[in-house]
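The values are calculated or read from the model by the stated rules, or taken from the named source; none is laboratory data. Predicted model only: the values in this text are computed from it and were never measured. When we count neighbours, we look across all protein chains shown, and the Cβ atoms used for this are built from the backbone with ideal geometry, even at glycine. Note: accessible area is taken over every heavy atom of the protein model, side chains too, but ligands, DNA and RNA are not part of it. Shrake-Rupley method; radii C 1.70, N 1.55, O 1.52, S 1.80 Å.
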Amino acid sequence: MHFTSGPEIKYLLLKSFPLAEEIKHKSGFVNILGKPNMGKSTLLNALVGEKMSIITSKPQTTRHRIIGIVNSEEFQIVFSDTPGFIDEPAYRMQQMMNAFISSSFDDADIILFVTDPKEPLDDQHNLIRRIATHTSPVFSIINKVDLVREEEVEARIQELTTLLPGHTIYTVSALKGTGVETLMADIISSLPEGPAFYPKDQLTDRPERFFVSEIIRGKIMELYHEEIPYSCEINIDQFAEGESRTGPITRISATIFTLDERKKTILLGRGGSAIKNLGIEARKEIEYFLDKRVFLELTVKIKDNWRNDESALKNFGYQN
């Protein structure tokens, strides 16, 4: 896999925790919560220093809990990016996504509640009420501060102070990295003492297949419009290492499931042009991620009402 550690994070870890015999090992689960499109995935990537989650301008892009692990000799942080909380789920898939969030409260040593300066907090009260009663440390994070005036940020700070009294509030731009080092240092300081939960060289609990399917889904988010991305789910049918005339190659076959014939036609495009372009763009990113040559084959199939099909959802990984 092509993982390049963020240099600023490495510097921070060394700066914050110099080697010393008296320092005991710390570890904990740090779960990122918030409404859709608050920048949670961007924040996870900034904290971990890797591209762990889909990042697009469209809401509801994260559908699963995605774990990224940060290690040093003195600590291990298990970050978890969760789907955006949906107040009124429209189908079974969204109910399962909310279940991921509920489980995040159960195992959290620290909660990062992410909002932004513009989204009305009235629309986030169900989640805020639960956060307000949580017993573990909660860091309230106002993201995207680079997009608004300072007065708007100050107004949001006052609102959060009223709704979540006693909580630490951070202002960051996850996209630009502003405020991320300070947040990371405070997370490290707040970790409880404990052993490592995963091997120290492990960066995530997800297999390569999962990230390949996420890359394909991310490209669908970028290249298609309206309801098409939200009607699709990806299954990796084949993931095999092989040889070609020019050297080693990874052969990947994936099926894109969608809801009906009209959406399938849009995904394919005139003469297959759209699916061909999707394959080209996805293959380039998969090759970068895996750091090897890839042959990618994409197929589109109809699976009627899959978002309410319990069996199909479990096959797609929608279970805790």
Within the stretch 141-156, residues being over 10 Å from ASP116 (Cα atoms) and either assigned to a loop (DSSP other than H, G, I, E, B) or open to solvent by less than 20 Å² (accessible area, probe 1.4 Å) (or both) number 1
Going through the stretch 207-241 in order, the residues found to be hydroxyl-bearing (Ser, Thr, Tyr) and outside any helix (DSSP H, G or I) are TYR224
Please tell me if LYS301 is modelled with pLDDT of 90 or more, exposed (fewer than 14 other Cβ atoms within 10 Å of the Cβ) and not acidic (Asp, Glu). yes
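Yes or no, residue by residue, for (1) at positive phi; (2) exposed (fewer than 13 other Cβ atoms within 10 Å of the Cβ); (3) touching a strand residue (DSSP E or B) at 6+ places or on another chain (Cβ under 9 Å):
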| site | (1), (2), (3) |
| --- | --- |
| ALA196 | no, no, yes |
| LEU203 | no, no, yes |
| GLU214 | no, no, yes |
| GLU222 | no, no, no |
| GLU226 | yes, yes, no |
| GLU243 | no, yes, yes |
| ASP260 | no, yes, yes |
(request) Check whether at least one residue in the stretch 260-280 is in a helix (DSSP H, G or I) and under 22 Å from PRO207 (Cα atoms), and report yes or no. (result) yes
Filtering the stretch 114-131 for residues that are out of contact with any strand residue (DSSP E or B) (no Cβ under 8 Å at 6 or more places or on another chain) and either touching a residue at least 24 places away in the same chain (Cβ under 8 Å) or farther than 28 Å from SER189 by Cα (or both) leaves a count of 8
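For the stretch 304-320, give me each residue that is assigned to a helix (DSSP H, G or I) and surrounded by fewer than 16 Cβ atoms within 10 Å (Cβ to Cβ).
From the stretch 304-320, those assigned to a helix (DSSP H, G or I) are 306-308, 310-315; that's our starting set.
Result: ASN308, GLU310, SER311, LYS314, ASN315.
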Within the stretch 263-278, residues open to solvent by 50 Å² or more (accessible area, probe 1.4 Å) and either farther than 23 Å from GLN94 by Cα or in contact (Cβ under 8 Å) with a residue 60 or more places away in the chain (or both) come out as THR265, ILE266, LEU268, ARG270, GLY271, SER273, LYS276, ASN277
Within the stretch 245-258, the residues that are within 30 Å of ASN308 (Cβ to Cβ) and open to solvent by 30 Å² or more (accessible area, probe 1.4 Å) are PHE257
Check: Going by the structure shown, is ILE286 among the hydrophobic types (A, V, I, L, M, F, W, C), within 18 Å of the chain's Cα centre (by Cα), at pLDDT 90 or above and not in a strand (DSSP E or B)?
Finding: yes
